[in-house]
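K.L.:
Got a structure for you, questions after.
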Amino acid sequence: MKITNRFTDAIIFEAEVEDMKALVLKAISEGANLEGAKGVYQFGPMPTSGRLCVAVWHNDHWMVKAGCFWGTIDELEERVKEDHNCPVYLANIELLKNYKII
């Protein structure tokens, strides 16, 4: 699988993995620079947790890696409201809920 640049289509990161989650986790663990990646939105560190968050457009929705959390944007929103209620977190979640990749 590949992660490509949204402007040039150059390959940013590539690995033989079974799914997008494994690809993102491998890219993060190997320190890949995902700036400009097609279908990837990175934000943080979050003021309440210090986490860097990576959202990946997968099929027709966003999947998010935030610390040990991996799930949908709606699941992240629920967790943030329960545990952090941080306006910065919630603003980024709202941005992603309204940003669809076609």
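The values are calculated or read from the model by the stated rules, or taken from the named source; none is laboratory data. Not measured: the values here are computed from a predicted model. Note: ideal-geometry Cβ built from the backbone for every residue, glycine included; neighbour counts use all protein chains shown.
K.L.:
Consider ALA66 carefully, then state whether it is at pLDDT 90 or above and either of a type in the set (A, V, I, L, M, F, W, C) or out of contact with any Lys or Arg (no Cβ under 8 Å at 6 or more places or on another chain) (or both).
P.N.:
Values: at pLDDT 90 or above: yes; either of a type in the set (A, V, I, L, M, F, W, C) or out of contact with any Lys or Arg (no Cβ under 8 Å at 6 or more places or on another chain) (or both): yes.
In short, yes.
K.L.:
Hey, another quick one. Tell me yes or no: at least one residue of the range 4-14 is modelled with pLDDT of 90 or more and under 14 Å from the mean Cα position of the chain (by Cα).
P.N.:
no
K.L.:
Within the range 70-102, can you find the residues that are in contact with a helix residue (DSSP H, G or I) (Cβ under 7 Å, 6 or more places away or on another chain), outside any helix (DSSP H, G or I) and more than 23 Å from LYS38 (Cβ to Cβ)?
P.N.:
CYS86
K.L.:
In addition: Scan (1) in contact (Cβ under 8 Å) with a residue 60 or more places away in the chain; (2) exposed (fewer than 12 other Cβ atoms within 10 Å of the Cβ) for the single condition LYS100 breaks and write down its number.
P.N.:
(1)
K.L.:
Within the range 4-29, take every residue that is within 18 Å of TRP70 (Cα to Cα), aliphatic (A, V, I, L, M) and without any contact (Cβ under 8 Å) to a residue 40 or more places away in the chain and give me the one that is surrounded by the most Cβ atoms within 10 Å (Cβ to Cβ).
P.N.:
Going through the qualifying residues, I end up with ALA27.
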